[in-house]
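Remarks on the structure that follows.
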Amino acid sequence: MLAIGPTGYAFNRTRQAQVADRLSVAATHWSRFRGLMGRSPSAFRSGDGLWIVPCRGVHTFAMNFPIDVIYLDTSNLVVHVEEDLKPWRLGRVHFRAHSVLELPANTIQSTGTILGDEIEIVPEQNREASRK
């Protein structure tokens, strides 16, 4: 998994579906820009995710695999989704977005995530406390 920042998980509270079991955070200028560039598909498997914060849009330049992207507002409500965003593309810039979740392709479909869903993001240090 990516060693970008603190890890945790993302959970779709509306659908009661795990979005990412292993969530990394990109919160610095450089880590947000780099994102998943240069990673291999085997390094970004089902259950992985990258939370880019703050962020209103993404690119897939220098990527070798498609991704799903969930755009979140400041309350972590889904304001836009991009499924199967191919390498070397620009995703939509969404001005209501505050952050995005980059996920393996087919995650949006498999979790049933749609506009308006509430995504809970729990950093690693809070993981055990939230399960009690």
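The values are calculated or read from the model by the stated rules, or taken from the named source; none is laboratory data. The shown structure was predicted, so the numbers you read here are calculated from the model rather than taken from an experiment. Quick reminder, even Gly has a Cβ in these numbers, built from the backbone with ideal geometry, and neighbours come from all protein chains shown.
Annotations
- Contact map, segment 25-46: residues that are among the β-branched types (Val, Ile, Thr) paired with residues that are surrounded by fewer than 15 Cβ atoms within 10 Å (Cβ to Cβ) and modelled with pLDDT under 90, Cβ distance under 6 Å, separation 6+ or inter-chain. Pairs shown: VAL25/PRO6.
- Output for segment 23-74, where each listed residue is within 11 Å of SER99 (Cβ to Cβ) and of a type in the set (S, T, N, Q): THR74
- Flag if PHE61 is surrounded by fewer than 22 Cβ atoms within 10 Å (Cβ to Cβ), hydrophobic (A, V, I, L, M, F, W, C) and touching a residue at least 12 places away in the same chain (Cβ under 8 Å): yes
- Criterion violated by ASP73 - all others in (1) charged (D, E, K, R); (2) surrounded by fewer than 16 Cβ atoms within 10 Å (Cβ to Cβ); (3) under 16 Å from ALA105 (Cα atoms) satisfied: (3)
- Just so you know, in segment 1-45 the residues that are modelled with pLDDT under 95 and among the hydroxyl-bearing types (Ser, Thr, Tyr) include one that is surrounded by the fewest Cβ atoms within 10 Å (Cβ to Cβ), and it is SER42.
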